[in-house]
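No value in this document is a laboratory result; all are computed from the given coordinates. Since this is a predicted model, take the numbers as computed values, not measurements. No Cβ is skipped: glycine too gets one built from the backbone with ideal geometry, and neighbour counts run over all protein chains shown.
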Amino acid sequence: MNIDTCSVWSVQAPASVDRYCDVAAQFGLSPSQLAIAFCASRPFVASTIIGATSMEQLRDNIAGFNVEWNDEMEAAVAAVFESYPDPWRMLVRDGG
């Protein structure tokens with residue numbers, strides 16, 4: 001298999017993750033706090049499941065539920081999504 005066409009190297013996921021991390025930092029949040037706050041702000045999500053392997057991670061995750069989601073956060077996340085609407089999809093012909 002040619003590594004240049006391997007899906008791991010052909011997706012935009014790493015770049016999209018970097019952008020979401022930048023958004024989190026912009027609002028003084030960890031990436032997991034941003035993700036949890038986003039999920040908790042969706043009216044159609046009945047529950048947000050978290051998983052932690054340490055007390056530090058658990059505290060970080062729980063703090064995500066205390067974030068007041070606002071229009072600025074919504075716009076920032078929407079801008080990343082607009083740039084990377086399907087980041088896992090390969091950018092090569094017949095790639096997904």
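Quick look at the values:
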read-out: Protection proxy ranking, peptides 39-46, 79-86, average beta carbon neighbours within 10 Å, highest first; value: 79-86, 39-46
read-out: Contour minus Cα-Cα distance for V17 and M55 (0.36 nm per residue); value: 11.3 nm
